[in-house]
Protein chains: 2
Amino acid sequence: MTKITRRHLVAASVPLALASAVQAAEPVPAVERWGIFEQAFEGPKNGNPFDDVALSSVFRSGEQSLTVPGFYDGNGVYKVRFSPPQTGDWAWRTVSNVPGLNNRTGALLATPPSPGNHGPMRITPDGYHFAYADATPYRQIGTTAYAWAQQSDARCAETLATLKASPFNKMRMCVFQNVAAEPIEPFAVTGKGDKDWDPSRLNPLFFQRFEKRVAQLLELGIEADIILFHPYDSKHGYGDMARADDERYLAYVIARLGAYRNVWWSLANEFDLVKTKSPADFDHLGQFVMDHDPHDRLRSIHNCKAIYDNTKPWITHSSIQNGSAVTDDTRAEIYRSIWEKAVIFDEVCYEGKIELRWGNLSGEDVVMRFWHGLIAGTYVGHGETLTAQNLSADDSWTGKGGKLLGESAPRLAFLKQVMEDGPKPGIDPVDKWWDRHIGGRAGQYYLRYFGVEAPSEWALNLPKNELVGGEQFRVDVLDTWNMTVTPVDGVFTVQKKNMYDFFDPARPVVALPGRKWMAVRVVRV
Amino acid sequence: MTKITRRHLVAASVPLALASAVQAAEPVPAVERWGIFEQAFEGPKNGNPFDDVALSSVFRSGEQSLTVPGFYDGNGVYKVRFSPPQTGDWAWRTVSNVPGLNNRTGALLATPPSPGNHGPMRITPDGYHFAYADATPYRQIGTTAYAWAQQSDARCAETLATLKASPFNKMRMCVFQNVAAEPIEPFAVTGKGDKDWDPSRLNPLFFQRFEKRVAQLLELGIEADIILFHPYDSKHGYGDMARADDERYLAYVIARLGAYRNVWWSLANEFDLVKTKSPADFDHLGQFVMDHDPHDRLRSIHNCKAIYDNTKPWITHSSIQNGSAVTDDTRAEIYRSIWEKAVIFDEVCYEGKIELRWGNLSGEDVVMRFWHGLIAGTYVGHGETLTAQNLSADDSWTGKGGKLLGESAPRLAFLKQVMEDGPKPGIDPVDKWWDRHIGGRAGQYYLRYFGVEAPSEWALNLPKNELVGGEQFRVDVLDTWNMTVTPVDGVFTVQKKNMYDFFDPARPVVALPGRKWMAVRVVRV
């Protein structure tokens, strides 16, 4: 759990009337590394503050320099938010086309992060996993509640309480609501019709509300995978703006939210269903986000039936919809091998009982998909269409948040513990493409998952990589549904069996209970 | 079967001594469309003809203009080979740094193709299949005999006789032999050591021999998938030349062989094992081939464990090694969806009995992989490590050609007939990602393959796409191993079953014999 430090707000909010001579007498504000340093300035209220006022602030520390964009927060208040990537002294100077906002200067001291603040998410050097900036491994167990942030405060509080008791550490969430939500819109409303809104004027009140949700997730240690565009809003058409309007919106969201260290950018949900934007449009917008985000948050784009070209340099990791891929680790692994990037199967169908096939998985099916994804060296996302009173799926967890009603979440907590007990930074497929279905780290750790199979034993044949003979391993039998870990007595001492395998001739198999959802964990002693 | 027209050779071979005035009196030579028009010129024998002499010929017909590179064929003879892409009158003019080779002019008449000449291979407009230039579908059933072309004439004749009686219509073959071969080298030998060769001087005798094999394949209607580099030749190091030497070699091979309409370029086998070339090097070389080949032959690159970035524009189709991918159509399909290109699994392990796991598939396994690949909308390649006298696998079909000893080839002929009886240009996955395992063409044709399953019946539920109800289908039960087609009596008249399926409530299932290797074919009446 982490807490956002806000004590700097007082020190850094400098009324426009004060001269820099006065500023110099101010104490240097302190903010922890990866926290948020926010400056607020008074500026013009007239005209269109979103188009007429340009504001950024250049932050320097030693050789490092970052240009951080500002944003308009309404009532003549302009803000710049900066999350220091390094500890130490930072100096800043604003750049603006408004004289009163230009050439403002100041300093801050970035202090070491407080406990629980591990920094923003990064891709690990091998390219396939996630870790916080301080190198703490991140074991992604994501969920999706598309429009939770736009619901009532009461519903949001319920969602947060649910999350707090859950294993989930990433939330996929839309800026533009995709189901019914509170009557507050992201753009200025200009009339009574759904299409009566002004794309050139964002609504600070909407975003104040939205960013509060992001901050609340951060307090729970949950990453906010913010979906910037989607195809589900023919009512307003927020996904169908012109290029310049898209860019204004993106610049605003980046400036406003990008300093939160738990933010990830998901360019779109089901990009291929956004009929007004081509893959080339999304390439431009993805590049735009990369170019305009000084905090360099993770970036992905999510598909429906057409796969986006994930080789694009702005894509930090793959965000895939293909539920069938994670019913077999060898399928899931293909995405990883092709792109040589970290892969999250963010949509693999949801736990539920609706007639639509994307929303009627059993809890067992959901958990099974997470496990296959893990063995493949990839990650998986959860969702739920269940509702208490046979409401529409729109009212479910994945529509609006609230309560979880399914059976998968506790089993995903068990899975998460297995991941945390496993190798750093994560599980890789071992001897891929030979249908071994083993993930782990060669020579050290092996995980074999059996899914719907119900074997009564497993031949413990370890792929030869990193083995010379004489290595000893302990073995656990895991029941991934009943959440039990049963150690196997003694150790397995392996020797060469054939050109490809090592085994213990004294105990060539591990006994299994003949039930579904079992796994075997083999750990070097 | 096609035959290469060579009657133009007489007319077009113009001794250097003859002036253009004399040429004007010559009759205009004729060559069929997609045949080969070859010009031979006498030129310098001194110096290094490969580096010192630049020769190309510009061919014009109406608005179309193609610059065709020439090559040195030894003994002071320089040649230009052109395969006219269109019928009609063509005029040509040479460009050379050698005065006697420069500004030579002439004409040719490209006549309609003879029967059996369907032109070079192209990717179909949908991006996923192959067809000859005249739009005849090409049902790829490839095989591999890496160094067949470098063997004795007797062994080559045996290989050709085997091919003639086989279903195979593509041969993967190396320029640089990867196993023992006849003592003739692609480069000029300068001493007695294996490394004593001059990369700046190609050996025309080697290539005359090699191109004869390509022409012989063309006579059999077999595509020549020519592997330009590979990692298996540490002895000579032909795969480890410097950039300029690689380019000279490629330019030579392109000029010499590119006019053969059955040529495909495979930049490398197992590119990732060629330690002296990076993916960026191969990107350069692939682009080089594209830029220098006026005949625009197909281009691919083949992997071992690392997947090449197949989004590169010079890659016309994907050439994949991953045997496990084609044990499940849903795995195989992923490659297709990601790259939106035609995919050939050119190496899926070979039929054989050697200890090495890449060469010990049963015939059933090989055939099964072809079928799964087909259902996925992809294509598969064959190989064989069997030898009659327990020789090394180097001496097998896939090493040197010769005789086929396995069981898969006749079953691949059966498969090929099923493909030819199927939709044009090929089979696509139908309702992918829902584990239906159906390929075909929605509304018209469905193929369900069961592989190692041995069901006693199959519920005929057709995905809803392109169906409205009332459509009638006939059904065949195929035994893909015993090569039988058993029609099911009567027709199936489908109606909507649920949100996703159509079926015939009067006969919801098709009876099956409970054996492995079965398939069901459903064809619109």
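The values are calculated or read from the model by the stated rules, or taken from the named source; none is laboratory data. What you see is a predicted model, and the numbers here were worked out from it, not measured in a lab. Glycine also receives a Cβ, built like all others from the backbone with ideal geometry; neighbour counts cover every protein chain displayed.
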Are any residues in region A:405-451 surrounded by 23 or more Cβ atoms within 10 Å (Cβ to Cβ) and without any contact (Cβ under 8 Å) to a residue 40 or more places away in the chain, and if so, which ones? A:VAL430
Which of the residues spanning region A:317-330 are among the polar types (S, T, N, Q), within 9 Å of chain B (Cβ to nearest Cβ) and touching a Phe, Trp or Tyr at 6+ places or on another chain (Cβ under 7 Å)? A:ASN322, A:SER324
If you take the residues of region B:168-181 that are surrounded by fewer than 21 Cβ atoms within 10 Å (Cβ to Cβ) and in contact with a helix residue (DSSP H, G or I) (Cβ under 6 Å, 6 or more places away or on another chain), which of them is farthest from B:PHE414 (Cα to Cα)? B:ALA181
I'd like to check which strands (runs of 3 or more DSSP E) are fully inside region A:181-271 and have at least 3 residues that are within 30 Å of A:ARG139 (Cα to Cα). A:223-229, A:263-268
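Among the candidates B:ILE307, B:ILE334, B:ILE301, single out the residue that is out of contact with any His (no Cβ under 9 Å at 6 or more places or on another chain) and farther than 18 Å from B:PHE229 by Cα.
Working: B:ILE307 fails: farther than 18 Å from B:PHE229 by Cα; B:ILE301 fails: farther than 18 Å from B:PHE229 by Cα.
B:ILE334 is the lone residue from the list that is out of contact with any His (no Cβ under 9 Å at 6 or more places or on another chain) and farther than 18 Å from B:PHE229 by Cα.
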Do we have A:TRP434 as among the aromatic types (Phe, Trp, Tyr) and either more than 14 Å from every other protein chain (Cβ to nearest Cβ) or touching a strand residue (DSSP E or B) at 6+ places or on another chain (Cβ under 6 Å) (or both) here? no
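Working carefully through the options B:ASP281, B:ASP233, B:ASP246, find the one that is more than 14 Å from chain A (Cβ to nearest Cβ) and at pLDDT below 95. Steps first, answer last, please.
On the way: B:ASP281 fails: at pLDDT below 95; B:ASP246 fails: at pLDDT below 95.
The conditions single out B:ASP233.
Would you say A:VAL494 is within 14 Å of chain B (Cβ to nearest Cβ), of a type in the set (A, V, I, L, M, F, W, C) and either within 20 Å of A:MET368 (Cα to Cα) or in contact with a Leu (Cβ under 7 Å, 6 or more places away or on another chain) (or both)?
Working: within 14 Å of chain B (Cβ to nearest Cβ): no; of a type in the set (A, V, I, L, M, F, W, C): yes; either within 20 Å of A:MET368 (Cα to Cα) or in contact with a Leu (Cβ under 7 Å, 6 or more places away or on another chain) (or both): yes.
Against the criterion (within 14 Å of chain B (Cβ to nearest Cβ), of a type in the set (A, V, I, L, M, F, W, C) and either within 20 Å of A:MET368 (Cα to Cα) or in contact with a Leu (Cβ under 7 Å, 6 or more places away or on another chain) (or both)), A:VAL494 does not qualify.
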So which of A:SER324, A:SER337, A:SER362, A:SER318 ends up being touching a residue at least 60 places away in the same chain (Cβ under 8 Å) and of a type in the set (Gly, Ala, Ser)? A:SER337
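Sort out which residues of region A:72-93 are farther than 25 Å from A:PRO113 by Cβ and either part of a strand (DSSP E or B) or over 26 Å from the mean Cα position of the chain (by Cα) (or both), and write them in order of number.
A:TYR72, A:GLY74, A:ASN75, A:GLY76, A:VAL77, A:TYR78, A:ARG93
Check B:GLU364, B:GLU270 and return the single one that is within 14 Å of chain A (Cβ to nearest Cβ) and either within 23 Å of A:TRP339 (Cβ to Cβ) or of a type in the set (Asp, Glu) (or both). Outline the logic, then answer.
Working: B:GLU364 fails: within 14 Å of chain A (Cβ to nearest Cβ).
Of B:GLU364, B:GLU270, the one residue that is within 14 Å of chain A (Cβ to nearest Cβ) and either within 23 Å of A:TRP339 (Cβ to Cβ) or of a type in the set (Asp, Glu) (or both) is B:GLU270.
Pick from region A:498-519 the residues that are charged (D, E, K, R) and under 20 Å from A:LEU415 (Cβ atoms): which of them is nearest to the other protein chains (Cβ to nearest Cβ)? Spell out the reasoning first.
First, pick out the residues of region A:498-519 that are charged (D, E, K, R): A:501, A:504, A:507, A:515-516.
Going one step further and asking which of them are under 20 Å from A:LEU415 (Cβ atoms), we end up with A:515-516.
Numbers: A:ARG515: 23, A:LYS516: 17 Å.
Among those residues, the one meeting the criterion is A:LYS516.
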Residue count, region B:361-390 (criterion: farther than 16 Å from B:ARG331 by Cβ and either acidic (Asp, Glu) or touching a Lys or Arg at 6+ places or on another chain (Cβ under 6 Å) (or both)): 3
Does region A:397-404 contain any residue that is in contact (Cβ under 8 Å) with a residue 24 or more places away in the chain, of a type in the set (Lys, Arg) and within 14 Å of chain B (Cβ to nearest Cβ)? no
Looking at A:SER152, A:SER166, can you tell me which residue is closer than 29 Å to A:PHE370 by Cβ, polar (S, T, N, Q) and modelled with pLDDT of 95 or more? A:SER166
Need a quick list: helices (runs of 4 or more DSSP H) entirely within region B:1-68 having at least 3 residues that are more than 30 Å from B:LEU220 (Cβ to Cβ) and modelled with pLDDT of 95 or more. B:49-52
Taking region A:269-294 and keeping residues without any contact (Cβ under 8 Å) to a residue 12 or more places away in the chain and hydroxyl-bearing (Ser, Thr, Tyr) leaves A:SER278
Going by the conditions given, is A:ALA306 in contact with a helix residue (DSSP H, G or I) (Cβ under 6 Å, 6 or more places away or on another chain) and either at positive phi or surrounded by fewer than 24 Cβ atoms within 10 Å (Cβ to Cβ) (or both)? yes
State yes or no: is A:THR143 of a type in the set (S, T, N, Q) and in a helix (DSSP H, G or I)? no
Tell me which residues, restricted to region A:94-127, are under 17 Å from A:ALA30 (Cα atoms) and in a strand (DSSP E or B). A:THR105, A:GLY106, A:ALA107, A:LEU108, A:LEU109, A:ALA110, A:THR111
Note on A:GLY470: of the conditions (1) in contact (Cβ under 8 Å) with a residue 24 or more places away in the chain; (2) under 29 Å from the mean Cα position of the chain (by Cα), unmet is (2)
Let me spell it out: the conditions are (1) within 12 Å of another protein chain (Cβ to nearest Cβ); (2) within 27 Å of B:PHE71 (Cα to Cα); (3) of a type in the set (Phe, Trp, Tyr), and B:TRP314 meets all of them except one. Which number is the exception? (1)
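Across region A:234-248, which residue is surrounded by the most Cβ atoms within 10 Å (Cβ to Cβ) among those that are over 22 Å from A:GLN39 (Cβ atoms) and in contact with a strand residue (DSSP E or B) (Cβ under 7 Å, 6 or more places away or on another chain)? Break it down stepwise before answering.
We begin by selecting, within region A:234-248, every residue over 22 Å from A:GLN39 (Cβ atoms); these are A:234-247.
Then keep just the ones that are in contact with a strand residue (DSSP E or B) (Cβ under 7 Å, 6 or more places away or on another chain); that gives A:236, A:239, A:241, A:245.
On the way: A:HIS236: 18, A:GLY239: 24, A:MET241: 18, A:ASP245: 15.
Top of the filtered list is A:GLY239.
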Which residues, counting only those in region B:260-286, are within 24 Å of B:VAL348 (Cα to Cα) and aliphatic (A, V, I, L, M)? B:VAL263, B:LEU267, B:ALA268, B:LEU273, B:VAL274
Please determine whether any residue of region A:337-352 is more than 9 Å from every other protein chain (Cβ to nearest Cβ), closer than 15 Å to B:SER337 by Cα and touching an Asp or Glu at 6+ places or on another chain (Cβ under 9 Å). no
A:ILE315 - would you say it is within 21 Å of B:LYS312 (Cα to Cα) and in contact with a helix residue (DSSP H, G or I) (Cβ under 9 Å, 6 or more places away or on another chain)? yes
